[in-house]
1. Mind checking the dipole of the range 396-515: about its Cα centre, +1 per Lys or Arg Cβ, -1 per Asp or Glu Cβ, Debye to the nearest 20?
2. How many percent of all Cα-Cα pairs in the range 425-474 sit more than 16 Å apart?
3. How far apart, in nm, are two points set 7 Å out from the Cα along the Cα-to-Cβ line at ARG175 and at LYS288?
4. With every atom except the alpha carbons ignored, what do you get for Rg and Dmax of the range 302-386, in angstroms?
5. Under a no-solvent Debye model with one identical scatterer per Cα of the range 389-541, what's log10 I(q)/I(0) at q = 0.14 Å⁻¹?
6. When the Karplus curve 6.51 cos²θ - 1.76 cosθ + 1.60 is applied with θ = phi - 60°, which whole-Hz ³J(HN,Hα) does each residue of the range 225-233 get, with x for Gly and Pro?
7. Cα convex hull of the range 478-542: mean projected area in nm², to one decimal?
8. So which trypsin sites (Lys or Arg not before Pro) in the range 294-394 pass both tests, a DSSP loop state and at most 11 other Cβ atoms within 10 Å of the Cβ?
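What follows is calculated from the coordinates using simple rules that are stated; it is not laboratory data. Since the model is a prediction, treat every value here as computed from it, not as a measurement. All Cβ positions, glycine included, derive from the backbone under ideal geometry; neighbour counts span all protein chains shown.
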Amino acid sequence: MAQLNCPPCTPCAAVCIEHQPTQTREIVKKKNFPKRRRYLYKLQEIRKKPNLIRWGHETSYENPFHVHKDPPPACAEDIELKTSPVGLPASEPPSYLPQRDGNSDVHPLARPMGPIGPWATGRIDWGALSGQTGTRPVVDRYSITRYSVDEWRQRNADTIDACASTAMKSEKVERDSKNTIIRTYAITDKNQANCTESLHARAKTIDDMKSDLQRAIKAMQDEISTLEEQRRRLKQSLAVLRMPEAIASECLERRTGRPDTELIRDRPEEELIREMSLIAEIRAILLKTLSEIEAQQVQNRAARQRMEFDWSDKKMAHENDAINCNLTNKSTITLFRPGATRCPNEQSTEIYWEKFSRETLAMCTDCRKQSEQLRGTLDAILTNAARDLRSQADRVERALADRITCMEEVRQKLEIDLRSTLQHLADTEIQIDKLKVAIRNMDHAMKVVLTRLDNRNQRPRVENCRDQSQALLIAEVKSIEEGLSAMNAQLKQEEEVKNELIMRRSELEKEIMMKRRTIAIDRDRCQFLRTHFPSATALSGY
């Protein structure tokens, strides 16, 4: 029994001539019909002898690289093929395909499309080419038509042929894909195993060098500790000297945050600047006196720091390679990293790496051998420095206390003025409301006098005279208008006073806020920091 090689999901499996049984293929060749009509006879043979075709199950459905969530489609025996849906004989093509007497392979259209008949001849009125099919549509009285039935059938045949060729191409591409996947996976696995072995060897080399550096660091640390025993007082003095400098610089930095007009150069500012200058001078004297001791100690620390940096870099490199050695295709932390294959400009070579590591160890050994015990007497310098620093610190604290007291007095005075301003503002608002009510109440009197005047103007003929009552009514209107103008002017003045009071209130609130911030900086931060100022004993190095 013949087997098909197309996958069951391919829609062309039933009509693909290249995969049909030998008997069916020979029948098609004997007919010697055009290529577009061959599938018709294949369908007829399938219908007559359905047992000749079975769907194959050895295709991509069982491919390990192809996952199907649904079962394969039904076999050809379960599919009903209708070669003649309109009742034509089995030897004739279906009605939706080109007919034998309707077209040919070279000229698919046997007859051009024209008007339907004399009863619907249509009317063409837009050009000389109006009656040619494909150039302009044929217009009848009842409809407009662009294509004929033969053209529609030919398009159906072209679509079906295209599906068949695409199915054949799909099978070829699937076979090539399987072979490519197997070959690529084998090469990738081999290269990955080689890289893993290389990473293991490199990680061991780094670990050995890291162990040597760790032993050298410990030896240098012991040497530094021994040298520190001989110059304990100087080192302690320099360490304690950093605290007054940090306190003074912190106070200066905090005072630069004073708002707006409070950013002034007052006495605490000047004393803090003098303190910073004094600390710098003391440090310069100490460094100049102990230049030889400090130079040796700097060399020791530099050697140790270089080894520590090198050890840290090697530790990170070892951890990085350890992670890389443990990475597999099933790891959950792998990502696409664009540009990872580029070599950075700062990347070193393996020879330079080994040379740098050996030079670091050699420098550490030389520095440790050259290390000597250095001593010096610093009693007078350290005592004088401690006395000067302590005296300057007292002057700074007194200046801060005086400044805080002055700011508190100003703040209290401004708060009193603010309460007074708020009271005046409340009174002004009440008076404005009273004026507005009085102005509205004057409308009643104005309505009365205007109504009277209007009623008197309705008097007949000679009775409509300008008597004394008329003059008094007009004078009343004038008096009311003058009163309204005066009250409106007073209302405007009250509004201006109110706006000015609001402005003064804002200014006072702003000033009080700035004073409070300044007090908080000087008292809550600067004075608090000054309480941590070291004593004279600590500044002497004890």
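1. 580 debye
2. 57 percent
3. Output for this residue pair reads 9.4 nm.
4. Spelled out, the Cα radius of gyration and Dmax of the range 302-386 are 22.6, 71 Å.
5. -0.86
6. My calculation for the range 225-233 gives 5, 5, 5, 5, 4, 7, 10, 4, 5 Hz in order.
7. 5.2 nm²
8. LYS330, ARG342, ARG375
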